[in-house]
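Worksheet: the structure to be examined is printed underneath.
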Amino acid sequence: ADIYYRYLRKRGEDAVFICATDEHGTPIAVRAEREGVTPKEIADRYHVLIKDDLEGVGCAFSIFSRTTHPIHYETTRAFFLKLYEKGFIYEKEVEQLKCPRCDRFLPDRYVEGTCPYCGYEGARGDSCDYCGRYLRPTELRNPRCIVCGERPVIAKSKHWFFKLSAFQEELLKWLSRNEKLPVNVKNYALKWASEGLKDWDITRDMEWGVPIPVEGGEGKVIYVWFDAPIGYISATKVWAEQIGEKERWRKYWGKEGGARIVHFIGKDIIYHHAIFWPAMLMAEGSFGLPYTIIAGEYLTLEGRKMSKSRGWVISVADYLKLLEPDPLRYYLVMAAPLDRDADFSWEEFVRRYNDELVDILSNFIHRTLTLLTRYFNGKVPKPPHLTEKDLEVLSSIKAAVDKVAENLENFKFRDGLLEVMKLAHLGNKYLNDTAPWSAIKSSPERAAASLYVAVQIVRALADLIYPFMPFSAKRLYKMLKLKGEPENTPWEAAKEKLPPEHELGEVKPLFKKLKSEEGEKIRRSLLPREERQMAQVSLEEFYKAELRVGRIVEVKELGREHLHLVIKLGEVERSCVARIGGKYTREQLLGRQVVVVANIKPATIRGVRSEVMLLAAVHDGEVVLIVPEREVPEGSLVR
Ligand SMILES: [Zn+2]
Ligand SMILES: [Zn+2]
């Protein structure tokens, strides 16, 4: 999005670059619940982190807003009311899960249970992480309240529905006629739309979110996926207010304005942007529909899915402490085309950095400028006579400028950058062929002609690299002593020639080679460590542990975190202090068969002697007991 925006600005287009943090929804509310803070505090924390990361890599937002802004609440309410008045939102009584102990409804992620499709036990009320299906809380088998662990009951609640089904035909038409939609987005959305669209529940029984603006909506909020896209409009309003032209946002969003609205999203939210959002806009009626939707694919790290909880990530903030933003921007464009998943590999990053950015781009520029400094007092020479070859190279600059532009206009960022690099490559080759360093002795006129042509390529590169690598473009502008800044200079300026006698600035390499020791040092501090090599145990050692099946016959609370259990192992009963307080209730445990280490060295925990150890699976603060697949005699050995 940033590359596209920077390009549009250079084209003199009236472009606004809008982004915001989407701050409602149960993930934030649940997180707040677990940390004992308000959802707003969580949202505040992440808003700053995300903003710093994106701006740190050079995203030149017109505004980076948030969906907790009062203008967003106002805009969402008005949007909802308009659809309500037009009859596109209606009320319906629905069955929801409710926790009898917490006395509240359990929307989306407030409930977990077993996935009805794949049997995964950690499925959430809105989706199953294992099979990837979207779920409704009532579909879960063995549901439990994530706050207290209690089994929820079904209760009636009044909800509001958006008549998505009424827009099926119009959506199908819009999707199939939109020539600008990329194939991945178009096919995905068409498939959904043609399978039949159901009306959409846009209400949640919770406090965190935009309140329902009609009677009977007390204690309920608008579903996050209804309010989030409205954030594009409200953020534009906030921006307009900030620049003191309150009504300016209408120019971009009003149907009559004819502005092109381009969404840049991740592929996991195509459904929301290519189905829900256009249907909402069609229903509202006064706003323009998306011009296109560009959906990026996923980025893996060293061939594996990134995961924050497993620590398999590189944070942008850490990257920026060690390296410049431009090489990362370059790498992401080159290695992560928009139409397929890509990988961040350190080796590949270093290779592209050294072989492409340094050897091709930076070296060409540096050689040209230092030769000019050495032989022509840092001034552009006056070429006495240009050969056919010289003229050919000069005209390929113009062609390259147009090709890069064409690719950017068609959202082919990688192809655009390849054209830029091709021009730098051509410059290198031309320099090698004409060898001004040896021509300077035999034929100074030839050296002058050669460097005159080469510096014109450098001149063009200063503008061509700008959308991709804005920080380097700025530095190159200084080295070339170009007037103004790359962001204020029109795109076509890349075709202009530096006149003879034009004086250059101080020359420094644009990129310096990442030496192997240096690269290794960065790699070690940047990349997550490989998981520890697991210690191996022999069968003999393993069998020293006596695992047995027992039955819980008594449960007593022991402080907040522990439970004191009595576990029957055949003839004997054993005392067990387990750290599962708050995870299971007495009722859930009594009579259950579990697996214990029967010969663990006894210990005294919280003043109570513990003789056996309970086995449980642990993940992300969750504790799940290990139980035999069916009942077996108590005391049975586990092998
Ligand atoms: Zn599943
Ligand atoms: Zn509960």
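The values are calculated or read from the model by the stated rules, or taken from the named source; none is laboratory data. All of these numbers come straight from a predicted model, not from anything done at the bench. Counting neighbours? That spans all protein chains shown, and the Cβs are built from the backbone with ideal geometry, glycine included. Note: accessible area is taken over every heavy atom of the protein model, side chains too, but ligands, DNA and RNA are not part of it. Shrake-Rupley method; radii C 1.70, N 1.55, O 1.52, S 1.80 Å.
Between 0 and 90 degrees, rounded to the nearest ten: what's the tilt of helix 516-526 against the longest Cα principal axis of the chain?
It works out to around 40 degrees.
Tell me, what is the percent relative contact order of segment 18-126, built from C-alpha pairs under 8 Å that lie six or more residues apart? Show your work: numbers first, answer last.
Working: 93 pairs, mean separation 25.4, N = 109.
Across segment 18-126, relative contact order equals 23 percent.
For each pair in LYS379/LYS508; LYS51/LYS483; LYS308/LYS513; LYS556/LYS583; LYS382/LYS474, compute the distance between the two Cα atoms and list the pairs where it is over 20 Å.
On the way: LYS379/LYS508 16 Å; LYS51/LYS483 31 Å; LYS308/LYS513 31 Å; LYS556/LYS583 14 Å; LYS382/LYS474 26 Å.
From the list (LYS379/LYS508; LYS51/LYS483; LYS308/LYS513; LYS556/LYS583; LYS382/LYS474), the Cα-Cα distance tops 20 Å for LYS51/LYS483; LYS308/LYS513; LYS382/LYS474.
By average Cβ neighbour count within 10 Å, what is the ranking of 206-212, 231-237, 292-298, 34-40 from highest down?
231-237, 206-212, 292-298, 34-40
Using a probe of 1.4 angstrom, how much of the accessible area of segment 539-638 is carbon and sulfur, in percent? Please report the intermediate quantities before stating the final value.
On the way: 3100 of 6120 Å².
The C+S portion of the solvent-accessible surface of segment 539-638 is 51 percent.
Expressed as a whole percentage, what fraction of the accessible surface of segment 339-524 belongs to carbon and sulfur atoms when a 1.4 Å probe is rolled over the protein heavy atoms? If you can, show how the numbers build up before the last one.
Numbers: 4460 of 8780 Å².
Heavy-atom surface of segment 339-524 belonging to carbon and sulfur, 1.4 Å probe: 51 percent.
Say R0 is 51 Å: what FRET efficiency, to the nearest 0.05, do VAL37 and LYS478 get from their beta-carbon distance? List each step's numbers first, then the result.
Details: r = 46 Å, r/R0 = 0.90.
Using R0 = 51 Å, I get an efficiency of 0.65.
With every protein chain present, what is the per residue accessible area of the chain (1.4 Å probe, Å²)?
Details: 32140 Å² over 639 residues.
So the chain comes to 50 Å² accessible per residue, rounded to a whole number.
Given H placed 1.01 Å from N in the peptide plane, which residues other than close sequence neighbours of ALA20 have an amide H under 5 Å from its amide H?
Here SER65 satisfy the definition.
Rank these by accessible area, largest first, 1.4 Å probe: TRP225, TRP192. Provide the component values of the computation, followed by the final result.
Numbers: TRP225 50, TRP192 85 Å².
Final ranking, largest accessible area leading: TRP192, TRP225.
Out of PHE349, TYR452, SER396, whose Cα points farthest toward the positive end of the dipole of segment 318-453 (charges: +1 Lys, Arg; -1 Asp, Glu; placed on Cβ)?
Of the options given, the answer is TYR452.
Round to a whole angstrom and tell me the spacing of the C-alpha centers of segment 267-335 and segment 161-191.
Taking the Cα centre of each part, segment 267-335 and segment 161-191 sit 21 Å apart.
Would you kindly find the accessible area of HIS562, with a 1.4 Å probe and non-protein molecules such as ligands, DNA and RNA excluded, rounding to the nearest 10 Å²?
30
What accessible surface, in Å², does a 1.4 Å probe find on LEU323, ignoring ligands, DNA and RNA and rounding to the nearest 10?
20
Once you keep just the Cα pairs under 8 angstrom separated by 6 or more residues, what percentage relative contact order results for segment 539-638? Could you put the intermediate results ahead of the total?
On the way: 216 pairs, mean separation 32.3, N = 100.
Reported relative contact order: 32 percent.
I'd like the GluC sites (Glu not before Pro) in segment 546-619 restricted to DSSP loop residues with at most 15 other Cβ atoms within 10 Å, sorted by number. The partial results should precede the final answer.
On the way: sites: GLU546, GLU554, GLU557, GLU561, GLU571, GLU573, GLU587, GLU611; in loops: GLU546, GLU561, GLU571, GLU611.
Those that pass, being in a loop and sparsely packed, are GLU546, GLU561, GLU571.
Could you sort LYS382, LYS246 by their accessible area in this structure, using a 1.4 Å probe and putting the largest first?
Numbers: LYS382 155, LYS246 125 Å².
Ranked list, largest accessible area first: LYS382, LYS246.
Normalised by the residues of the chain, what does the relative contact order come to in percent, with Cα pairs under 8 Å and at least six apart?
On the way: 1062 pairs, mean separation 66.7, N = 639.
Relative contact order here is 10 percent.
Which of the three applies to segment 498-639, rounded, prolate or oblate, going by the alpha-carbon gyration tensor with a ≥ b ≥ c and a/c under 1.5 meaning rounded?
On the way: a/c = 4.19, a/b = 2.96, b/c = 1.42.
Cα axes put segment 498-639 in the prolate bin.
Quick check on the chain: take the gyration tensor over C-alpha atoms, sort the square-rooted eigenvalues as a ≥ b ≥ c, and tell me if it's rounded (a/c under 1.5), prolate or oblate.
Working: a/c = 3.03, a/b = 1.63, b/c = 1.86.
Oblate, because a/c is 1.5 or more while a/b does not exceed b/c.
Put ILE154, ILE580, ILE440 in order of accessible area, largest first, 1.4 Å probe: what do you get?
On the way: ILE154 100, ILE580 5, ILE440 40 Å².
Putting ILE154, ILE580, ILE440 in descending order of accessible area: ILE154, ILE440, ILE580.
Once the Cα atoms of helix 325-335 and of the chain are each reduced to a long axis, what angle between those two axes, in degrees from 0 to 90 to the nearest 10, is obtained?
80
For segment 414-431, take each phi angle, set θ = phi - 60°, evaluate the Karplus expression 6.51 cos²θ - 1.76 cosθ + 1.60, and give the result in whole Hz per residue in order, putting x for glycine and proline.
For segment 414-431, the Karplus-derived couplings read 5, 4, x, 5, 4, 5, 4, 5, 5, 5, 5, 5, 4, x, 4, 5, 4, 5 Hz, x marking Gly and Pro.
For segment 339-524, what class follows from the C-alpha gyration tensor (a ≥ b ≥ c being the square roots of its eigenvalues): rounded when a/c is under 1.5, otherwise prolate if a/b is larger than b/c, else oblate?
Values: a/c = 1.80, a/b = 1.40, b/c = 1.29.
Prolate.
For the chain, give me every cysteine whose Cβ has no other Cys Cβ within less than 4.7 Å, ordered by residue number.
CYS19, CYS59, CYS148, CYS576
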